[in-house]
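> Could you have a look at this structure, given as structure tokens, before my questions?
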Amino acid sequence: MKAIDFFCGAGGLTRGLSLAGIDVIAGIDIDSKCGQTYAFNNTAEFWNADVASITKQDIINRYPDLTTSNESILFAGCAPCQPFSKQRRSRKDEYDRKILLQFGRIIEEFKPSWVLVENVPGISHANKDTPINEFLNILGSCKYNFVKSILNAKEYGVPQNRYRFVLIASRNCEVSLPLKTHGHGLRAFKTVRDTISKYPPIAAGHAHPTLLNHVSASLSDLNHKRMINTPPDGGDRRCWPEKLVLRCHKSYKGHTDVYGRMFWDKPAPTLTSKCISISNGRFGHPVQNRAISLREAAALQGFPDNYIFFGSLQSIARQIGNSVPVQLAKILGQHIVALDVDCSV
């Protein structure tokens, strides 16, 4: 099976599909900042392009073997997810809402054997006249069988509590979603301790001399004091002395994960594009007085230590936080390959 990874980012989906035995020939993304990371770590070509500008003929011209091979073809697309969040929409968000339909247009033109979509859960809560329903109508008009649901990545071996919308579609085969591998009656959930306890200590604002990307964001003196006063292993700001409490928190008791530490023996919370900032979630290291490092964040997303990220601290954090967890991608890829084999027997 050959695949193209649309909206590929840093390559989490590509790496997972490759581990499942799928030949990913290209990753496409409009963001050139993730190109060096993608190209360095994957054998697939990085195609820096706007999906809205790509046609079937562009794909055929670039990869003529796709039309002559007897192998099944998978188009995987993880469109930008911000427009499906509860944040106020900008012009870019409106563009991103439509980009899913551009992916649908390409599917309608090319009609690949398989389609895989991964996105935030909010995409499935959309109203009738919204991109996801128009996208599903495209699949229906092209005679695709499809199944969709909200999956939690921790139930598939990812050390992270991460709910995602997943859709699998096929023009020729019956489809289903993979069975859970972790949880009650199955394997134990993978935890923060399982994943990052092996990494050597570093101080806030410092980088390890030999372990690439093991670097953490710096902290102000005040935030360093706050971390010191945050109990280890799941502590949060409710334990701070009054003088350290932020003004906005003195009359507001919610969102206690902000400035909190991860729990050693639980899966991590959902990593975001700001996963190395203690002020943006429970992203504090369980015991060290800093936020998790880029390397630790990458590990919690399933990237191996030899997967090297390029760019500024903020750019890399965004690349990591926006990635599809590698293990989830692998499970989805293996399931699609198995369905494809069963269908052809």
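The values are calculated or read from the model by the stated rules, or taken from the named source; none is laboratory data. Please read all numbers here as calculations on a predicted model, not as lab measurements. Here the Cβ is made from the backbone with ideal geometry for all residues, glycine too, and neighbour counts use every protein chain on show.
> Give the residues of region 175-218 that are assigned to a loop (DSSP other than H, G, I, E, B), under 22 Å from residue 269 (Cα atoms) and of a type in the set (Ser, Thr, Tyr), sorted by residue number.
Scanning region 175-218 gives 181, 191, 197, 199, 216, 218.
> Same structure again: Inside region 229-245, can you point out the residues that are charged (D, E, K, R) and under 11 Å from residue 259 (Cα atoms)?
Correct list: 236, 237, 238.
> Now for a separate question. Can you name every residue in region 174-191 that is among the hydrophobic types (A, V, I, L, M, F, W, C) and in contact with a helix residue (DSSP H, G or I) (Cβ under 6 Å, 6 or more places away or on another chain)?
Passing the criteria: only 189.
> Sticking with this structure for a sec: Specify the residue that is surrounded by the fewest Cβ atoms within 10 Å (Cβ to Cβ); the eligible residues are those in region 80-107 that are hydrophobic (A, V, I, L, M, F, W, C) and at pLDDT 85 or above.
101
> Now, a different point. What residue, of 159, 112, 131, 178, is modelled with pLDDT under 95 and surrounded by 15 or more Cβ atoms within 10 Å (Cβ to Cβ)?
Of the residues listed, the single one that is modelled with pLDDT under 95 and surrounded by 15 or more Cβ atoms within 10 Å (Cβ to Cβ) is 131.
> So, residue 246, is that one surrounded by 14 or more Cβ atoms within 10 Å (Cβ to Cβ), of a type in the set (A, V, I, L, M) and under 24 Å from the mean Cα position of the chain (by Cα) or not?
Against the criterion (surrounded by 14 or more Cβ atoms within 10 Å (Cβ to Cβ), of a type in the set (A, V, I, L, M) and under 24 Å from the mean Cα position of the chain (by Cα)), residue 246 does not qualify.
> If you check every pair at least six apart or on different chains, which have Cβ atoms under 7 Å apart with a residue in region 271-293 that is under 15 Å from residue 236 (Cβ atoms) first and a residue that is of a type in the set (Asp, Glu) second?
281/257; 282/257; 286/233; 287/233
> Collect the residues in region 192-229 that are of a type in the set (Ser, Thr, Tyr) and buried (at least 19 other Cβ atoms within 10 Å of the Cβ), keeping them in residue-number order.
195, 216
> Quick one: would you say residue 65 is modelled with pLDDT of 95 or more, acidic (Asp, Glu) and surrounded by fewer than 20 Cβ atoms within 10 Å (Cβ to Cβ)?
It is false that residue 65 is modelled with pLDDT of 95 or more, acidic (Asp, Glu) and surrounded by fewer than 20 Cβ atoms within 10 Å (Cβ to Cβ).
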